[in-house]
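**Student:** My questions all concern the structure below.
Rule-based calculations on the coordinates, nothing more; no lab input. These figures come from a predicted structure and were not determined experimentally. All Cβ positions, glycine included, derive from the backbone under ideal geometry; neighbour counts span all protein chains shown.
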Amino acid sequence: MSPDGLVPHTIFWAGRARWRRAPLYATASPFGSLATAHTQTPVLALAWALVADGDAEFTHEGVEPLARHYDWLDRERDPDRDGLISILFPDESGLDDSPKYDQVYGWLAHWSPGYLWLVERHRRRGYSTRAIVESFDHHVEDVLVNVFYALSLHALHRMSGLERFRERAQRVEAALMERCWDERRGLFLDVAERSERRIEVSTWSSLAPLALTALPEQARRRLVEEHLLDPRRYAAPVGIPSVSMEERAFRPGFDCFRCWRGPSWMNTAWLLVPPLRELGYAQAGERIVGSLRRTVEREGFREYYNPLSGAGLGARDFGWVDAAGRPLGRREDHCIERR
């Protein structure tokens, strides 16, 4: 972490980024940086609380640096003070090549050669969110990012007892309902560009607010009943597709550069299955978990899976696939033993 609270997206453990890698990464300098100047999905405080699992000493150890990081996000990534933080690069959400970014980034998208110019242009402005937001349209108040931001702020409030984090979490939740909820479609949509228009693409990010129990129950149930349980949209044979099967951009198979355009990922189920159970849709949750468990037993630990056929795709022996056995809040069951 930098002294001001930035946790970099990428750290170069083996040595400074040099000519082969530096142009592809959002570093402060084209040469010689040890880390990037942009950040990751703000899930760190939530992860810390889950790992701590009641360990008072470990919890206390994390509070001060975590508070510094989330204060940085509040100060640097919410320039319009509406409660929602912005991302400057698609990969800051973790959904690097999601089709929802196509309309915003165009030829500057993560998988396009234009991404190098996006990096250089932001570098020339010191990665200042305020300067970038005021000058360009390539920025997003991303639903998934802000769901994890709210979940982490709640976790940080529980760990620290500091009221400012609970208040910020509530502001994020209220802003998601006010600015991102589409009553007509029953979805949460990203807000982008200086015009703050909604991006009309249904991806699993649109369903992520299901994990926020403080949101109106009616909205959460619409996410489930109109989308997650609809076999035309997200009720696929395996897991939860990363893009609605109704979208023209839906691509269930392998693509060398576009892996968030349809395949099912384990961390999607990790986030969405527990609130499914909490709302009374246990059978649907077990169907999703069961489909992933059987797929892992057959295909092995793969980065992601074809939601229609279950074929294993992407990297092999991918670590977070063991989340198939431990969705959020359910640590004790559904463990898959590697054979």
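**Student:** The range 19-88: which trypsin sites (Lys or Arg not before Pro) are DSSP loop and have at most 12 other beta-carbon atoms within 10 angstrom?
**Tutor:** Sparse-neighbourhood loop trypsin sites (Lys or Arg not before Pro): ARG20, ARG81.
**Student:** Here are a few candidate values for Cα extents along the principal axes in Å: (i) 66, 43, 33; (ii) 81, 64, 26; (iii) 50, 46, 45. Which one was actually calculated from the structure I just gave you?
**Tutor:** (iii)
**Student:** Check each of the chymotrypsin sites (Phe, Trp or Tyr not before Pro) in the range 157-202 and keep only those in coil by DSSP with at most 15 other C-beta atoms within 10 angstrom; list them in order.
**Tutor:** Passing sites in the range 157-202 do not exist.
**Student:** Only loop residues by DSSP count here, and only those with at most 11 other Cβ atoms within 10 Å; note down the GluC sites (Glu not before Pro) in the range 125-189 that meet that.
**Tutor:** GLU183
**Student:** For a label point 7 Å from the Cα of PHE318 along Cα→C-beta, name the residues of the range 130-158 whose backbone N is under 11 Å from it.
**Tutor:** Of the residues in the range 130-158, none has backbone N under 11 Å from the label point off PHE318.
**Student:** Between GLN170 and ARG185, 0.36 nm times their residue separation minus their Cα-Cα distance comes to what?
**Tutor:** Between GLN170 and ARG185, full extension yields 3.0 nm more.
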